[in-house]
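The values are calculated or read from the model by the stated rules, or taken from the named source; none is laboratory data. These numbers come from a predicted model, not from an experiment. Backbone-built Cβ (ideal geometry, glycine too); neighbour counts: all protein chains shown. Remember, those area values only see protein heavy atoms, side chains included, never the ligands or the DNA or RNA. Shrake-Rupley method; radii C 1.70, N 1.55, O 1.52, S 1.80 Å.
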Amino acid sequence: MATAVIPKVFKNYINGEWVESRSNKAFENRNPANTDELIGMFPSATEEDVNAAVDAAKEAYNRWRLIPAPKRAEILFRAAEMLLERKEDLARDMTSEMGKILVETRGDVQEAIDMTYYMAGEGRRQFGQTTPSELRDKFAMSVRQPIGVCAMITPWNFPMAIPSWKIMPALICGNTVVFKPASDTPLSAYNLVQVLAEAGVPRGVVNILTGGGREVGAPLMSHPDVSLVSFTGSTEVGRRVSEACAPSFKHCQLEMGGKNIIIVMDDANLDLAIDGAIWGGFGTTGQRCTAASRVTVHKKVYKEFVERFAARAKSLKVGDGLDPTTEMGPCINESQLQTVMEYVQIGINEGAKLVAGGHRLESGPYARGWFHEPTIFADCDPKMRIAQEEIFGPVVCVIPCNDLEHALEVANDVVYGLSASIYTRDVNKAFQAMRDIYTGIVYVNAPTIGAETHLPFGGTKQTGNGHREAGVAAIDFYSEWKTLYVDFSDRLQRAQIDTSSFARPQD
Ligand code: NAD
């Protein structure tokens with residue numbers, strides 16, 4: 001049912017101006033906790049808009065790359081200060097458009113703040129190497145150079161944090177940006193770009209286009225003037241991004257799906273492990289790439305763990321994320337809720353034991369939203385589809401294990417490799433897990449979520465393509481090495497050939 005209030009109408013930002021889409025079409029952004037609430041209308045951009053944004057970014061690149069990095073940093077620093085000042089409003093906007101609870105959306109904005117400060121600091125670093133040359137009267141060093149126009153394609157589950165992981169390092173390295181956010185969370189993307197514009201990012205340096213993956217994302221990632229694509233989203237779409245980038249060898253960073261695991265050993269602090277499994281499994285309604293969607297528990301503590309974990313899940317308060325007492329919000333949209341419900345049925349058909357939840361919530365306060373109960377399947381076989389495939393919702397599979405070796409085998413036996421964790425008080429077991437789990441992130445005595453902005457973030461296998469976001473790893477992705485040799489001998493010197501020209505010490 002449409003609201004009677006005139007909706008707020010948003011625009012694309014191209015070459016320093018807020019402009020209508022050439023399609024003159026717009027799409028609705030509604031609150032997933034109450035679909036009667038229309039957050040706003042956002043432009044459905046077209047390929048023509050993509051071309052205009054890339055042209056603007058290409059032209060701006062020639063100026064932006066020449067601005068000294070410490071000066072670019074001043075703009076980022078101002079943006080970080082503004083994000084901090086506006087944090088509460090930005091978090092509320094985010095909860096309204098994507099449903100996760102306020103403490104989490106504050107955390108999402110905080111991540112963007114942290115990343116922006118961090119990358120502002122990189123304005124005075126971006127260190128290269130200066131080394132001795134093998135030849136006399138020759139100087140050798142390496143410097144970082146920017147790459148060009150960067151396309152950013154992002155998902156809805158971290159609507160401000162993920163774009164900031166991409167945009168801030170790209171900018172500090174001297175690149176320009178065309179940003180296409182997910183259509184479920186365009187407001188938070190708009191808010192981030194608004195802050196960058198107000199902080200003084202020159203025209204054309206950051207551009208935003210909203211609209212569908214096929215209509216905007218696809219022409220953007222294959223545009224000949226785009227030199228780099230950074231994508232976070234599903235493995236299925238990531239594969240297409242990789243294929244689109246291959247013919248022209250665009251730099252391409254892919255952060256994709258996960259099927260993360262918590263290992264609970266028999267010597268674990270069970271209270272802590274259950275806290276971790278609740279937060280890891282049901283935080284952001286299980287819609288995190290790092291969500292703990294599998295828990296494998298040592299057989300000696302299995303029964304107790306399952307009973308207590310299920311009891312805690314059943315007691316979680318589900319509702320509107322703006323209500324401070326809510327512990328878990330809705331799914332992002334109807335199709336995500338349908339996926340969750342389909343997987344619950346798959347789990348039942350596969351013979352897993354449903355010990356908590358399992359149903360959509362649709363009466364009373366839930367009537368106008370995409371709510372689902374926190375759901376736990378116990379006695380799962382690690383080969384079941386619910387234990388192998390990414391569900392991206394509030395569904396956790398519990399798998400019994402015999403010992404650490406068995407747990408590690410289960411942990412590594414999925415196609416993804418983002419995050420994993422182990423609860424144990426045995427330092428030997430902790431170190432063995434840190435060494436033998438093949439993921440990009442491992443936690444000890446903490447859940448699978450909780451990444452910090454100054455360390456590499458990303459995954460192995462079908463989660464990523466070898467690059468990492470955040471920290472110095474991001475600087476590595478958004479810059480390229482250039483090696484500089486300066487010969488001040490005033491004669492032709494040939495590396496690898498003129499080695500005999502050096503006098504030996506005794507000569
Ligand atoms: P998605 O793949 O459906 O969409 C991601 C982005 O790609 C969106 O902006 C979408 O519009 C765009 N897109 C869709 N089809 C496209 C196409 N054909 N061409 C170009 N762009 C296209 O993912 P989602 O549903 O938004 O997000 C959920 C997924 O993201 C999950 O799989 C989750 O694991 C993953 N994710 C991964 C990380 C990570 O760091 N590894 C972080 C967050 C989310």
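Computed on the Cα atoms alone, the convex hull of the chain gives a volume of 174 cubic angstrom per residue. All alpha carbon pair distances within the stretch 128-173 were sorted into 10 Å bins beginning at 0; the resulting P(r) in whole percents reads 21, 30, 20, 17, 10, 2.
Between Val295 and Ile262, Cys397, Val398, Ile399, the built amide H atoms are under 5 Å apart, and every one of these is 5 or more places off in sequence or on another chain. With the dipole of the stretch 53-208 worked out from charges on the C-beta (+1 for Lys and Arg, -1 for Asp and Glu) around the Cα centre, which of Thr130, Asn62, Ala79 lies farthest toward the positive end? About the Cα centre, the residue reaching furthest to the positive side is Thr130.
Accessible surface computed residue by residue for the chain, with neighbouring protein chains in place and a 1.4 Å probe, gives 42 Å² per residue. What Kirkwood radius, in Å to one decimal, follows from the Cα pairs of the stretch 261-444? About 16.3 Å, per the Kirkwood formula over Cα pairs. Centre-to-centre, using Cα atoms only, the stretch 224-274 and the stretch 277-299 are separated by 17 Å. Applying 1/(1 + (r/R0)^6) with R0 = 22 Å to the Cβ-Cβ distance of Asp275 and His454, what FRET efficiency is obtained, to the nearest 0.05? So, using R0 = 22 Å, E works out to roughly 0.30.
Its Kirkwood hydrodynamic radius, worked out from the mean inverse distance over all distinct Cα pairs, puts the stretch 72-169 at 15.6 Å. Taking the three principal axes of the alpha carbon atoms in the stretch 1-114, the coordinate ranges are 51, 37, 18 Å, sorted in descending order.
Atom-type composition of the exposed protein surface of the stretch 261-444 places 51 percent of the accessible area on carbon and sulfur (1.4 angstrom probe).
Amide H to amide H, with H built 1.01 Å from N, Val206 comes under 5 Å of Val177, counting only residues 5 or more places away or on other chains. Here the peptides 25-35, 425-435 are ranked by packing, the mean other Cβ count within 10 Å, and the order with the highest first is 25-35, 425-435. Answer with one residue from Gln388, Leu361, Ala411: the one whose Cα lies farthest towards the positive end of the charge dipole of the stretch 360-417, charges on Cβ with Lys, Arg +1 and Asp, Glu -1. Among Gln388, Leu361, Ala411, the one farthest towards the positive end of the dipole of the stretch 360-417 is Leu361. Each semi-axis of the equivalent ellipsoid for the stretch 226-277 is √(5λ) with λ an eigenvalue of the Cα gyration tensor; in descending order they amount to 39, 9, 8 Å.
The residues packed around Pro365, meaning those with a beta-carbon under 12 Å from its beta-carbon, carry a net charge of -1 if Lys and Arg are +1 and Asp and Glu are -1. Applying the Karplus relation 6.51 cos²θ - 1.76 cosθ + 1.60 with θ = phi - 60° to the stretch 301-311 yields 3J(HN,Hα) values of 10, 4, 4, 5, 4, 4, 4, 6, 5, 5, 4 Hz, where x marks Gly and Pro. Could you please report the charge total around Ala57, scoring K, R as +1 and D, E as -1 over all other residues with beta-carbon less than 12 angstrom from its beta-carbon? Residues near Ala57 contribute +1 overall. Put simply, the amide H of Leu38, placed in the peptide plane, has neighbours under 5 Å in Thr3, leaving out anything fewer than 5 places away on its chain.
Protection proxy ranking for 83-89, 374-380, using the average of other Cβ atoms within 10 Å per residue and placing the highest first: 374-380, 83-89. Evaluated with a Cβ-only charge set (Lys, Arg +1; Asp, Glu -1), the stretch 137-217 carries a dipole of roughly 160 debye about its Cα centre, given to the nearest 20. Each principal axis of the Cα atoms in the stretch 150-196 has its own extent, and those three values, largest first, are 29, 19, 15 angstrom. Computed from backbone phi with θ = phi - 60° and the Karplus coefficients 6.51, -1.76 and 1.60, the 3J(HN,Hα) list for the stretch 49-59 is 5, 4, 4, 5, 5, 5, 4, 5, 5, 5, 5 Hz; x is used for glycine and proline. Here the dipole of the chain is about 780 debye; that uses its Cα centre as origin and unit charges on the Cβ of Lys and Arg (positive) and Asp and Glu (negative).
Computed packing ranks the peptides 133-145, 284-296 as 284-296, 133-145, most packed first, by mean other Cβ atoms within 10 Å.
Estimated from the Cβ-Cβ distance and a Förster radius of 60 angstrom, the FRET efficiency linking Glu342 and Arg124 is about 0.75.
Phi-derived couplings, Karplus 6.51 cos²θ - 1.76 cosθ + 1.60 at θ = phi - 60°, listed residue by residue for the stretch 204-209: x, 6, 10, 10, 10, 10 Hz, with x used for Gly and Pro. Left without a cysteine partner by the 4.7 Å Cβ rule in the chain: Cys150, Cys173, Cys289, Cys331, Cys401. Sites listed here are GluC sites (Glu not before Pro) in the stretch 424-480 whose DSSP assignment is loop and whose Cβ has at most 16 other Cβ atoms within 10 Å: Glu452. Counting only Cα atoms, the size of the stretch 278-358 along its three principal axes is 40, 29, 21 Å, in decreasing order. Of all lysines in the structure, those lying under 24 Å Cα to Cα from Lys300, and not within fewer than 8 positions of it along the same chain, are Lys314, Lys353, Lys383, Lys429.
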